[in-house]
Structure formats: structure tokens, C-alpha cells
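The next block holds one structure in the form of C-alpha cells; read it before the comments.
Read-outs throughout are calculated quantities, based only on the coordinates presented, and are distinct from any laboratory measurement. Given the structure is predicted, the values throughout are model-derived calculations rather than measurements. As a convention, Cβ positions derive from the backbone with ideal geometry for all residues, glycine included, and neighbour counts pool all protein chains shown.
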Amino acid sequence: MAMNATLAKVTDRIIARSAEPRSRYLERMAQAASEGPRRAHLTCGNQAHAYAAMGADKDALVAERAPNLGIVTAYNDMLSAHQPFATYPDVIKEAARAAGATAQVAGGVPAMCDGVTQGQVGMELSLFSRDVIALATGVALSHNTYDAAVYLGVCDKIVPGLIIAAATFGYIPGVFLPAGPMVSGLPNDEKAAVRKRFASGDCGRDELMAAEMASYHGPGTCTFYGTANSNQMLMEFMGLHLPGASFVNPGTPLREALTVAGTQTVLANTALGNNFRPVSDILSEKAIVNGMVGLMATGGSTNLILHLPAMARAAGVIIELEDFAELSDTVPLMAKVYPNGLADVNHFHAAGGLGYMIGELLDAGLLHGDTVTVAGNGLRDYTQEPKLKDGAAIWVDGTTQSHNEKILRPASEPFQSSGGLRRLQGDLGTGVMKVSAVKPELHDITAPARVFETQEAVKAAFQAGEFDKDTVVIVRFQGPKANGMPELHALTPSLSVCLDRGIKIALVTDGRMSGASGKVPAAIHVSPEAADGGPLAYVQDGDMVRVDAVNGILENLAPDWRNRTPATPDLSDNGHGVGRELFEIFRQTAGPAVTGAGVVV
């Protein structure tokens, strides 16, 4: 199949736009790679410190003839998705020894759970934790003793932070090893219904707590298709996972076999062998485009619209909202996974999953098949699925048919002809909206504004019955410079109740929504943010605001609003409590949402 014309045009534009920074990046990576194995540049004293606790592995490390892997782990046992990583280092070390190599835990990185901090003050550190993770990985790998790296991370900011660091250390190979989703619990639609009943006062906290515990109930990633599982999709589409590795449940023999296979694969990719495959070769412009296509085809998390530009920039690739928008108009929506449907990721995986989807998109000319991957032979490898044979992972041809077309459809007969992402522009700034789960009649709303500066104030207005007519809810001063750009997902139940009551309601914010954002039309990531001189600071209650995802328009229809004095809220409380004191430099230096709201890139 010939390459889709829009895919080719967007890719060529990204390559041209990125020519200078990508060239500089590759020159730096080539220079670093030409210096040979990292340990060769350490003094005897340096090396003695690095090997002092390595016991029987010391001789192999001193000989420098076999690779040494650096393990960067985001393990903690508060995140269900990361709890399985507790045992990974021992498995990786044993697999390395069996191959005549060595492995060391290079360092740990923080990993916070947005589910725990959702609607709480701690969420104001969430986005910035991505940059902290990148920095912490840099510290871990700065010891310069590693021939390749193994990255253990799954959730929202963790994978993007690890990717930024992996790109920075792109002169060595790397592989990402996932932990997999928890087995299915309470169906997501039932959980959402209980949340709405609680928001309306129709059930008590006991019922809410029981539903939440039945939904989030064991080790592994949350099973809805939010940011964590979108990250796993991204790693597969970009070739940094092994084929079919993303959605194998924790604690299974196949899951451990994939960890062993990932270790063997990255060992084979080091400069000490004949198959050198550094991360800088994998993180190409085409790989980034493949990730963007996967995001559209699966209806993935809006958070990746923030993360992908930051990740790409770390590898010298510049992507912009127009690239997302054009690809979204072209790439079909092939999956219906909650919140875009009733199925969870386990059901999606059983229906054919990422392997089926990649095959369909390749055959439709909507993916670049010639990218470099950890597996080695282009993206077609990722149509295969892993199986367990004699205790080891092997790969066989994956399905060419969906096993459930209510969940997963072919590219020729998708759920929607487009990926469901819209760029909105106008005199209120530039934002994005995910419309894949939004009813068509809500794609274009013009209504009076209600202006808020905290999500708590929105919920209080809802509880007071103040949303009794069509409304555009403005929640401003929620950008990275104001308070770290927290997710505002706690608003979803209340605003969903309004929609259920027949009230047309839209959200406009310079903050974020969750990767699980669903049926509420939400223009998010509005840039420039209100705290940085953005037009949202000028909006007043009663202004007629147009939120039009059909035509991509975001505007204030009130006359002469530009002549007003902008609102200047008191942000002093944003600077202390729950560690916020430590992040003042982040708030001061964060970039705009359209470039990824980054601090370190």
C-alpha cells in the first residue's frame, strides 16, 4: 500500500522543521558513541567504587568484554502499575548473567499516582514530576558505566520523563519493559455511574468507596485507556517495547519471559556486538509520527499532546499542534476502550490489540514501516504476538481479524473516519479537544461564560444548583506557570451530570484534563495561559464564548473585551504545602503548553 499523502506531508514537514536541531542532536550522539564503551574512560578508582558491591559480577565488570546494563526503575509499591517492578531487577540481572553480561540498578526515579492526587494539592506537582524523572535518570546514568539501559516505568509522567532522558543518553541502546494491566475488575461504566450518583448526592461515600476499590483492586496498570496505557501503546508504536509486550498481565509466566527477552534484546544491541542500535536511531521523526498515529487510532490520552512535543524535542524533533490536527483528520478511530467505549484494555488486547491495529495501519499506508526498533526489523515485527514456549517468549504471527468489532475495527471500517482530536484557535488562544467520546451535538457550543479560578469553586457552584442553563465553564490560572497545570478530572462527574440533565456545557481551561477524559467537551491546554498574559484572564461572567470543535474556533464574542483590565489572582498559596515550595523554579521557567510545558527541554 502506498503511503497516505497526509502522513507523507506531515512527516516531511516535521523533518524539514527539525533539520537543524535534529542534525545537532545526531552529531552529539555520534560523537559520544564513537568514544566506545563508557567504562573505558573511568579510572581504576572510579571503577572500584562502581563495582565494590557487585560480588561475583566483579570479574566480568573489570574485564570490560561484556555489556553492563544500567537499570533505571520507577518502582514503588504505592502505584499499582509499578508494584510489579519490585522483582524485575533480579530477573534482569539473572538474565544478563546467563548471557555472560552484568546489570546494575543505576538509580530510582520518583513515580507519583495521579489517581491518588486527583483533585488534591499534590496534583500541582504532577506535570513537573516528568522533568524531575528526566533529571533523576540523568543522575543515575551519569556514572558512565553502562553500555545500555533498561527503563522500568509505566504511568502518566514516568514514561515521558524516562523518554526525555533516554533521548539525552541516546548514544547507548535502551529498552522499556512494562508491567502490564491489572486484571479486569468492576466495569468502568459502572464505576462512572456511581461517581455521578455521588456527585448528585444520590449515594453515600460507602457505596462510592466500594465501587472504587472494586475497580482498582490489584497489581498492574488501571484498566481504562488513560495516560498510562496510552504510554504503553506509544512505546510499542515507536519500537521501544518488544512486540506485543504492553498489555500482558503482571505475575504471569509470559510477563516474566518478556522481561528476560527484553534484557537479551538490549544486550544484543550494544556497541560491544555487531548489531549496535542506540536509542537515538530509534527516536526518529518517523517514529514520533508513528506514535502520533497510534494516539489518534486508539483515541488515546490528551496528556500525550503535552508529552510528545517534549519527548520529541529531547531528540531534536519539533512537532506542533497542526501536526496532531492534520493526522487526526486522516487517521481512523479503530478502538473503543473506556472512556471512549465500555471495554477495558484487557478486552482490547484479547480482541487483537496493538498488533492487529499496527498491521491494519501499515496496510493502509498510515504508518512508517521502515523505522528502527529494539526488535530490529521495522515496525512489521509489531504485528506479531508473544507466546510462551518451554518457559521462554517466542513470537508468532498475530491475528489479521478483530475478535470483537465492538471494541476493535479494521482501518477500512472504523468507528470514526478521524482520530477525534481537534485544535481550537481564536482570540482566546490555542487549545485542543478530544471529541472521540463527545456527542456530535456538543462539538459546537456557544453559551454564556461562568469564570472560576479553582476546580473547588466549580464543584461548589454545581452543588448549589447554579448550572441550570447552557454554560461555558472557564477555569483559568491552571497553567504550568500558575500552579503546575494540574489535571481537572475531578470536574468530570459534576459536568457529566449537567449533560445528563440536558444542559449543554463545555469546559475551557489552561489546565489539563485526565487521560480518562470522556464525554464532556473540554478545550484544554489553552495557551498562552492566563498567568502568562493569556486572553483567558480577560473573560468575565456572562461573556458569550464559542467553543467550536467542528471548525476549530475558540473565541470570546463579547464586544471590546480586549479593553478590560485582566484579572490578577492571588497565587501566593500555590507556592507552599505538599512540597510546592521546592518547585518555584519550575513554575518560573516552564514553557508553554504548545511546546510541552517543559522545564528541562
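Structure above, values below:
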item	result
Per-residue [θ]222 nm for the chain (sum of -39500 (n - 2.57) over DSSP H runs n ≥ 4, rounded to 500)	-10500 deg cm²/dmol
Two-site FRET efficiency, LYS389 against MET213, from Cβ-Cβ distance with R₀ of 41 Å, rounded to 0.05	0.65
Sorted peptide list for 66-77, 138-149, criterion being average Cβ within 10 angstrom, highest first	66-77, 138-149
Share antiparallel - DSSP beta bridges, the chain, percent rounded to 5	45 percent
Residues with amide H under 5 Å from that of ASP444, placed H, sequence gap 5 or more	ALA549
Length gained when the stretch ALA2-ASP370 is fully extended (0.36 nm per residue, less Cα-Cα span)	131.2 nm
The range 421-595: relative contact order in percent, alpha carbon pairs under 8 Å with at least 6 residues between	30 percent
HN-Hα J in Hz across the range 61-66 - Karplus 6.51, -1.76, 1.60, θ = phi - 60°, x for Gly and Pro	5, 5, 5, 6, 9, 10
Rounded, prolate or oblate (a/c below 1.5 giving rounded, otherwise prolate when a/b exceeds b/c) for the range 125-272 by Cα gyration tensor	prolate
Segments 216-225, 158-167 sorted - mean Cβ within 10 Å per residue, highest first	158-167, 216-225
Least to most buried among VAL183, VAL451, VAL289 (fewest other Cβ within 10 Å first)	VAL183, VAL451, VAL289
From phi via Karplus (6.51, -1.76, 1.60), per-residue ³J(HN,Hα) for the range 273-290 in Hz, x at Gly/Pro	x, 10, 9, 4, 9, x, 4, 4, 6, 6, 7, 9, 4, 5, 5, 4, 4, 4
Mean Cβ count within 10 Å, highest first, over the residues of peptides 264-273, 30-39, 587-596	264-273, 587-596, 30-39
Inter-site label distance for ALA460 and SER23 at 7 Å from Cα along Cβ, in nm	5.7 nm
Residues GLU212, GLU441 arranged by fewest to most Cβ contacts within 10 Å	GLU441, GLU212
Qualifying GluC sites (Glu not before Pro) in the range 121-208, DSSP loop, other Cβ atoms within 10 Å at most 16	none
Principal-axis tilt of helix 158-168 within the chain, Cα atoms, nearest 10 degrees	50 degrees
In Hz, Karplus ³J(HN,Hα) per residue of the range 141-155 (6.51, -1.76, 1.60; θ = phi - 60°; x = Gly, Pro)	8, 5, 5, 6, 10, 10, 8, 6, 10, 10, 10, 10, x, 9, 7
Approximate spin-label separation SER142-GLN588, in nm, with each point projected 7 Å along Cα-to-Cβ	2.0 nm
Residues in the range 116-142 reached by a label modelled at VAL578 [backbone nitrogen below 18 Å; 7 Å Cα→Cβ]	116-132
Where GluC sites (Glu not before Pro) fall in DSSP loop in the range 523-601, at most 16 other Cβ within 10 Å	none
Relative contact order (%) - the chain, alpha-carbon pairs under 8 angstrom, separation at least six	15 percent
Rg to Rh, two decimals, where the chain supplies the alpha carbon set and Rh follows Kirkwood	0.97
FRET efficiency, 1/(1 + (r/R0)^6) with R0 51 Å, evaluated for SER412 and ALA32 via beta carbons	0.70
ARG65-THR252 FRET efficiency (beta carbon distance; Förster radius 30 Å; 0.05 resolution)	0.30
Amide H contacts under 5 Å for VAL154, placed H, 5+ residues apart	VAL159
Extension reserve of the LEU42-GLU94 stretch, reckoned as 0.36 nm per residue once the Cα distance is removed	16.2 nm
Low-density loop positions, trypsin sites (Lys or Arg not before Pro), the range 432-508 - DSSP coil, at most 16 other Cβ in 10 Å	LYS469, ARG501
